[in-house]
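A.B. asks: First, the structure itself, so that you have it in front of you.
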Amino acid sequence: MTNANGDQPSEATLLIRGGLTRTPFDETAEAIFPTSGYVYGSAAEAEAAFAGDTKRFIYSRYGNPTVAMFEERLRLLEGAEACMATASGMAAVFASLASYLKCGDRVVASRALFGSCSVVLTEILPRLGIESQLVDGTDLDQWSDALKKPTSAVFLESPSNPGLQIVDVAAVAELAHEAEALVIIDNVFATPVLQRPLELGADVVVYSATKHIDGQGRVLGGAVLSSQKYVDDHLMPFLRHTGPSMSPFNAWTLLKGMETLRLRVDASCATANLLASKLDGHTKLSSLRYPGHPSHPQHELAMAQMSKGGTVLAVEIDGDKDATFRFLDALSLFDISNNLGDSKSLATHPATTTHRRLGVDGRAAVGIGESMVRLSIGLEDAEELLEDVLSALGQV
Ligand SMILES: *Cc1c(COP(=O)(O)O)cnc(C)c1O
């Protein structure tokens, strides 16, 4: 796909038109193909398709035209050689690791991870004979030490969920590549429009498309972006034969989500910035974290690798769990939810929901206390959202 000058179109154009293919009916919008399979004009055609001699759709577990449009749009946006969609973000995370690693391999990961990512690394992979070591993602010495033992892959999230810890992606990628380890990054919090991990040296980028890519609370989805070689040698066979495929309807919804992705993320970032600057130092808060605010301990690094601070804030209520619950219950615009990246502003208590599974010690190790609240900033009026938080803080 090119623009009038024959160049690759800009981000804004790709988000609307990237990957668009039309049927002979010349429809404006992307078509949904709710079909499980495809038919062949002859037995020989079927044979050629299965032998790989012709490239065509065979079965929707392998590929589907609507899903392919979504994959191509995200691939162009990310600047990757290949993209494969999955049924959810966790399917993408698991496939990115399980398709590549085998019994006896070792993976090094930053400790500050989304709850389910943590379970995959510390419980599920070890059960398959894959050793995983967790490090403080902000400490390059710890990465370097951990990578002294033969390591097949590193996995990290930046900013992390929910503590908004920033990992120096370029520095970790360099250390990992010296150790010949594959670098996999969960880029959900940064979104495809704020951070470009492949340019920072990552090899594989995974998304929960459920978050900002849909961004309107409708469907689950995920994606893995990488080199063609990684897809051909590892990911594609794993996905084809284990089956976590994205549904055509979800792909269509996500295509529509991508059309407004930049507009939504920019608007949420602006409001998140406003909230961070107005709430910083509030007497009812013992801490506030937002990568776009100078008070964040890694603000400079965040701004070097992300173009904006993101759509999520983490605050700590100056009080115990009861006081924190009073704050959450007093919010009237923010909904209490475990989701994020939505047009509706959402407030989460990670210790009792998304990160409950980690246990008290596991949470303490990544700085998730009973008074932490994650605020995912949506698209409502910025001043009204600020008033909502201020008024709820008043009732702590
Ligand atoms: C939500 C989330 C996931 C999982 O995505 P699902 O679509 O819910 O499966 C993975 N990583 C991060 C950082 C997330 O926030």
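The values are calculated or read from the model by the stated rules, or taken from the named source; none is laboratory data. Since the model is a prediction, treat every value here as computed from it, not as a measurement. Cβ coordinates were reconstructed from backbone atoms using ideal geometry, including for glycine residues, and neighbour counts include every protein chain displayed. Calculation scope for accessible area: heavy atoms of the full protein, side chains included, ligands and nucleic acids excluded. Shrake-Rupley method; radii C 1.70, N 1.55, O 1.52, S 1.80 Å.
A.B. asks: Identify all aspartates and glutamates with a Cα-Cα distance to K55 below 18 Å; exclude those on the same chain that are fewer than 8 residues away in sequence.
C.D. replies: E45, E47, E71, E72, E81, D232, D233
A.B. asks: Give the percent of DSSP beta bridges with both residues in the chain that are antiparallel, rounded to the nearest 5.
C.D. replies: Antiparallel: roughly 55 percent of the beta bridges in the chain.
A.B. asks: Could you tell me how many degrees, from 0 to 90 and to the nearest 10, lie between the Cα long axis of helix 89-98 and the main elongation axis, the longest principal axis, of the Cα atoms of the chain?
C.D. replies: Approximately 70 degrees, to the nearest ten.
A.B. asks: Please compute the per residue accessible area over the chain with all protein chains in place, 1.4 Å probe, rounded to a whole number of Å².
C.D. replies: With the other protein chains kept in place, the chain gives 42 Å² per residue.
A.B. asks: Among all the aspartates and glutamates, which ones have a C-alpha under 16 Å from K278's C-alpha, if same-chain residues fewer than 8 places away are not counted?
C.D. replies: E316, D381, E383, E384, E387, D388
A.B. asks: What number results when the radius of gyration of the chain, computed over Cα atoms, is divided by 2.2 N^0.38 Å?
C.D. replies: On the way: Rg = 21.5 Å, N = 396, 2.2 N^0.38 = 21.4 Å.
It is 1.01.
A.B. asks: Can you give the % of DSSP beta bridges in the range 261-393 that are antiparallel, to the nearest 5?
C.D. replies: Restricted to the range 261-393, the bridges split so that about 85 percent are antiparallel.
A.B. asks: Just going by the charge dipole of the chain, with Lys and Arg at +1 and Asp and Glu at -1 on Cβ, which of G362, V93, S247 is farthest out on the positive end?
C.D. replies: So the residue furthest toward the plus end is S247.
A.B. asks: Carbon and sulfur: what percent of the chain's accessible surface (1.4 Å probe)?
C.D. replies: Result for the chain: 51 percent of the exposed heavy-atom area is carbon or sulfur.
A.B. asks: Using only Cα atoms and rounding to the nearest 10 degrees, what angle (0 to 90) does helix 248-259 make with the longest principal axis of the chain?
C.D. replies: Once rounded, the angle reads 60 degrees.
A.B. asks: What do you get for Rg/Rh over the range 80-186 if you use C-alpha atoms and the Kirkwood form of Rh? Before the final figure, lay out each step's value.
C.D. replies: Numbers: Rg = 12.9 Å, Rh = 13.8 Å.
A ratio of 0.93.
A.B. asks: Packing-wise, with mean Cβ within 10 Å as the measure, how do 114-127, 70-83 rank, highest first?
C.D. replies: Details: 114-127: 18.4, 70-83: 21.4.
My ranking of the peptides, most packed first, is 70-83, 114-127.
A.B. asks: Before rounding to the nearest 500, sum -39500 (n - 2.57) across all DSSP H runs of length at least 4 in the chain and divide by the residue total; then give [θ] at 222 nm in deg cm²/dmol.
C.D. replies: -10500 deg cm²/dmol
A.B. asks: Would you mind checking K148/K308; K102/K149; K284/K321; K211/K256; K211/K308 for any pair whose Cα atoms are more than 25 angstrom apart?
C.D. replies: In this structure, K148/K308 lie more than 25 Å apart at Cα.
A.B. asks: If you count, for each residue, the other Cβ atoms within 10 Å and average over each peptide, how do 161-171, 58-68, 302-312 line up from highest to lowest?
C.D. replies: 161-171, 302-312, 58-68
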